[in-house]
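The values are calculated or read from the model by the stated rules, or taken from the named source; none is laboratory data. Since the structure is predicted, the reported quantities are computational estimates derived from the model, not experimental observations. Backbone-built Cβ (ideal geometry, glycine too); neighbour counts: all protein chains shown. Just so you know, the surface numbers come from the protein's heavy atoms only, side chains and all, with ligands and any DNA or RNA stripped out. Shrake-Rupley method; radii C 1.70, N 1.55, O 1.52, S 1.80 Å.
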Amino acid sequence: MLRRTTFDYRRRDGHWERQQRETYDRGNGAVLLPYDVGRGTVLLTRQFRYPAYVNDHPDGLLIEAAAGLLDAEDPVTAIRRESAEELGIDLADVDHVFDAYMSPGSVTERLHFFAAGYSPASRIGDGGGVAEEGEDIEVLELDFAESLAMIRDGQIIDGKTIMLLQWAALDGPFAQVRSRQACG
């Protein structure tokens, strides 16, 4: 829902001024990076994003981490639902990584970021999203190093996905792997 709000704001110098802002409230969401350290892989999705398409993305297909709105659920329940719908996997445990506002100048949404280990045994279906909701999602199992290279060459341009992949490389499950490789 788009809102226009007028409010009084006290500036750092102590003066008050009347301001007006537009905000888009779509609810909060959750995003997930499933990883398999043993095989060196991550699960991502590819799907059409109309806003990217109309903003000069050639085909509108973005590679992303699985995500969705919370609706009336808590973040863990929502991301487990999304992992089943979009990726076709069931995850017993998900780890909360951090929260972030992705576009705080205009959008109220706060994203809850999660990561979870997965294996071939986690598979419960094909994934692909919910067709009745217009979802047509391709599941991608990518080599982790390849996914990082895809950021550098512009194939992955989704902010939430970049954040999770960088987290995985710097502080997450692949940080220790990269440290061992550097040492050895």
Is it the case that S119 is surrounded by fewer than 13 Cβ atoms within 10 Å (Cβ to Cβ) and at pLDDT below 95?
no
Return the residues of segment 95-113 that are open to solvent by 40 Å² or more (accessible area, probe 1.4 Å), touching a residue at least 24 places away in the same chain (Cβ under 8 Å) and part of a strand (DSSP E or B); say none if nothing qualifies.
F98, R110
Test set (1) over 18 Å from L62 (Cα atoms); (2) open to solvent by 70 Å² or more (accessible area, probe 1.4 Å); (3) in a loop (DSSP other than H, G, I, E, B); (4) touching a strand residue (DSSP E or B) at 6+ places or on another chain (Cβ under 8 Å) - A92 fails condition number:
(4)
Take the residues in segment 162-172 that are modelled with pLDDT of 95 or more and crowded, with 18+ Cβ neighbours inside 10 Å, then tell me which one is farthest from the chain's Cα centre (by Cα).
A169
Filtering segment 124-161 down to residues that are of a type outside the set (A, V, I, L, M, F, W, C) and modelled with pLDDT under 95 yields G125, D126, G127, G128, G129, E132, E133, G134, E135, D136
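Quick grid of which residues meet (1) closer than 30 Å to M1 by Cβ; (2) open to solvent by 70 Å² or more (accessible area, probe 1.4 Å); (3) within 13 Å of the chain's Cα centre (by Cα):
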| residue | (1), (2), (3) |
| --- | --- |
| E82 | yes, no, yes |
| A115 | no, no, yes |
| V130 | yes, no, no |
| L140 | no, no, no |
| E146 | no, yes, no |
| F174 | no, no, no |
The strands (runs of 3 or more DSSP E) lying entirely within segment 1-50 that contain at least 3 residues which are hydrophobic (A, V, I, L, M, F, W, C) are 29-36, 41-48
Residues located in segment 1-33, provided they are open to solvent by 80 Å² or more (accessible area, probe 1.4 Å) and more than 32 Å from the chain's Cα centre (by Cα)
D8, Y9, R10, R11, R12, D13, H15, W16, R18
